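Single-structure report; data block below.
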Amino acid sequence: MSERTIIPFGPQHPVLPEPIHLDLVVEDEKVIEAIPSIGFIHRGLERLVEKKDYVDYVYVAERICGICSFIHGLTYCMAIEELMKVQVPDRAQYLRIIWSELSRIHSHLLWLGLTADSFGFESMFMQSWRLREQILDIIEETTGGRVIFGSAKIGGVRRDISSVKMDEIMKKMNVYRKDIAQLCEQFMKDQTVKHRMQGVGLLSRADAISLGAVGPMLRGSGIAQDIRSTGYSGYDRIGFTPVTETAGDCYARCMVRMREMDASFVMIEQCVGKMTDGPIEVKVTGNPAGEFFMRSEQPRGEAIYYAKANGTKFLSRLRVRTPTFANIPPLLATLAGCQLADVPVIVLTIDPCISCAER
Amino acid sequence: MSFMGFSKVVLKNLFTGPVTERYPFVPKVYPQGARGSVNIELEKCIFCGICQKKCPTAAIAVTKEPKSWEIDRLRCISCNYCVEVCPKKCLALDTKYAPVSTARSKDMFKAVQSAG
Ligand code: SF4
Ligand code: SF4
């Protein structure tokens, strides 16, 4: 038997956009076990809820994550709306879906670039980030911010999109959709990509369930669970079926994300078609009371917000379970037994977002 | 044939010129409605302090006597909340960001002359 060595991976590592630390126990080139440690960037945002009033906290909730910021803010708003029994107007709900799906597309493009970069496919990184920039431009035109949208608010949304603007955007989106589809095809058909991803980081269907995987990690193993199918925020009004793949390897997880991007374009198109004129917010008065669990589907998977309110301006507890946190146990299971050179690829296919995992 | 697929992209990129903008030779055009920095029309302001109370990052400081309105640009997150709540509509978000600063300073606006 060869000797065992521990190789530290992270928190600073060229392929890692954010700090997670893994102690890789290796025998020759084979990883036997991975021991994680997180907590490098804990910011105490959950505690802040006791000091910021519930309306202002939307701004903090949005800053929990720097990529799926809008959906974080939205989930918080929806939790408070449920507590206060607020019915959000239809137009606001459609706008919320449009922005959620735009953030999904930009998040997946960001991920595609980073993943390609993790095995040295630099030009793919440049290509996908160039396309992402165009999506960010649309986001900036409609919300005023590139990454922090700031457009969700309790009771509705802050901004409207005029129909002229919407037509303009849809024209651009049709072009982007083709560009992105073309890029995805090139990536997925590439021999080297297939070589590096197929059969790597296998997560079986049973493991995915028992280890509590979420999002594309779960759907890549053949389980059709997507919180959007529960119909929150008007998703029940547009045709939606979860995207799944059955192989359970890195390649399947990529495939899920690629197909989700295309599905997002379709959803945005449907929303634009179904949207009618009307108010975009309702006035919210009073303070929330009671407790509620809100679930939403972020680009990385299911996020859970637990809010407990006591009838004052300040919530007494807010708990956020982010998708990356849920995906760490399945990640460790897939790392055991892999080759050392495959570690970056496997880590990146869970699409880690550590800053939101640590809040 | 995947090799040929990517060559198409490479060839296209070779003949379309750079995607990035030639800043600062070509000035950056911000889209309408971009959230940049907060500006105040001091003549309209009544120094009620609502913006100070509502600002989520406590970036604004308003005093009634002497009449002054102060903003810490490094604290401001350009969230537009003060603009929404101002009763006199004297605040507005410019599309441009605040200029880069090397020291932590505050922008102070005083209404002494107009009041006197
Ligand atoms: S809310 Fe408006 S009027 Fe009142 S102090 Fe602020 S800027 Fe002046
Ligand atoms: S934009 Fe937001 S953070 Fe900036 S001063 Fe106004 S309320 Fe405060």
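The values are calculated or read from the model by the stated rules, or taken from the named source; none is laboratory data. Keep in mind that what you see is a predicted model, and the values were worked out from it rather than measured. Every residue, glycine among them, receives a Cβ derived from its backbone with ideal geometry; neighbour counts consider all protein chains shown. Heads up: the accessible areas ignore ligands, DNA and RNA and are worked out on the full protein's heavy atoms, side chains in. Shrake-Rupley method; radii C 1.70, N 1.55, O 1.52, S 1.80 Å.
Quick one: pull the percent of accessible area on chain B belonging to carbon and sulfur, 1.4 Å probe, ligands and nucleic acids left out. Mind showing how you got there, number by number?
Numbers: 4800 of 8010 Å².
It is 60 percent, rounded to a whole number.
Counting lysine pairs in the range B:1-104 whose alpha carbons fall under 27 angstrom apart, excluding pairs fewer than 8 residues apart on the same chain, gives 25. Give me the distance between the Cα centres of the range A:296-354 and the range A:106-143, rounded to whole Å. If you average the Cα positions of each part, the centres end up 21 Å apart.
Just flag the trypsin sites (Lys or Arg not before Pro) in the range B:4-49 sitting in loop per DSSP whose Cβ has no more than 16 other Cβ atoms within 10 Å.
Details: sites: B:8, B:12, B:22, B:28, B:35, B:44; in loops: B:22, B:28, B:35, B:44.
Sites meeting the loop and neighbour criteria: B:22, B:28, B:44.
Where the centroid of each part is defined by its Cα atoms, how far is the range A:1-36 from the range A:38-86 in Å? Distance between centres, Cα-based: 33 Å.
Seen through its C-alpha gyration tensor, with square-root eigenvalues sorted a ≥ b ≥ c, the range A:220-359 comes out oblate because a/c lies at 1.5 or above while a/b is not bigger than b/c. With all protein chains in place and ligands, DNA and RNA left out, the 1.4 Å accessible area ranks A:118, A:37, A:210 as A:210, A:37, A:118, largest first.
Helices meeting the span-like rule in chain A (full DSSP H runs, Cα extent of at least 20 Å along the helix axis, mean Kyte-Doolittle score of -1.0 or higher): A:69-84, A:90-118, A:122-143, A:163-189, A:250-274.
How many square angstrom of accessible surface are buried between B and A, both sides summed, with a 1.4 Å probe and rounding to 100?
Working: alone 8970 and 14640 Å², together 21740 Å².
So the total buried area for this chain pair works out to about 1900 Å².
Residue A:247 sits among other residues whose Cβ lies under 15 Å from its own Cβ, and their net charge, with Lys and Arg +1 and Asp and Glu -1, is +4.
Taking a Cβ cut-off of under 15 Å around residue B:30, the surrounding Lys, Arg, Asp and Glu residues balance to a net charge of -2, with basic ones at +1 and acidic ones at -1. For the pair residue A:7 and residue A:40, a Förster radius of 25 Å applied to the C-beta separation gives a FRET efficiency near 0.85, rounded to the nearest 0.05.
In the protein assembly as shown, with Lys and Arg counted as +1 and Asp and Glu as -1 at Cβ, which of these residues, A:157, A:92, B:39, has the Cα nearest the positive end of the dipole, that is, farthest along it? Working it through, the farthest residue towards the positive pole turns out to be B:39. Which of the three applies to the range B:44-94, rounded, prolate or oblate, going by the alpha-carbon gyration tensor with a ≥ b ≥ c and a/c under 1.5 meaning rounded? Oblate. By its C-alpha gyration tensor, with a ≥ b ≥ c as the square roots of the eigenvalues, how is chain A shaped: rounded for a/c under 1.5, else prolate for a/b larger than b/c, else oblate? Oblate, since a/c reaches 1.5 and b/c is not below a/b. Taking 7 Å steps out from each Cα toward its Cβ at residue A:310 and residue A:209 produces label points 4.1 nm apart.
What does the charge dipole of the range B:30-110 about its Cα centre add up to, to the nearest 20 debye, if the Cβ of each Lys and Arg holds +1 and the Cβ of each Asp and Glu holds -1?
120 debye
A helix-only calculation puts the protein assembly as shown at -13000 deg cm²/dmol for mean residue ellipticity at 222 nm, using -39500 (n - 2.57) for each DSSP H run of at least four residues, averaged over all residues. Averaging the Cα positions of each part gives two centres, and for the range B:1-62 and the range A:191-224 these lie 37 Å apart.
Using a Gaussian network model of chain B in which every pair of alpha carbons under 10 angstrom is joined by a spring, one finds that among B:105, B:78, B:37 the greatest mean-square fluctuation is at B:105.
Computed FRET efficiency, Cβ-Cβ of residue B:96 and residue A:174, R0 30 Å: what is it to the nearest 0.05? Between residue B:96 and residue A:174 the formula returns 0.45. Relative to the longest principal axis of the Cα atoms of chain B, the long axis of helix B:2-16 lies at roughly 60 degrees.
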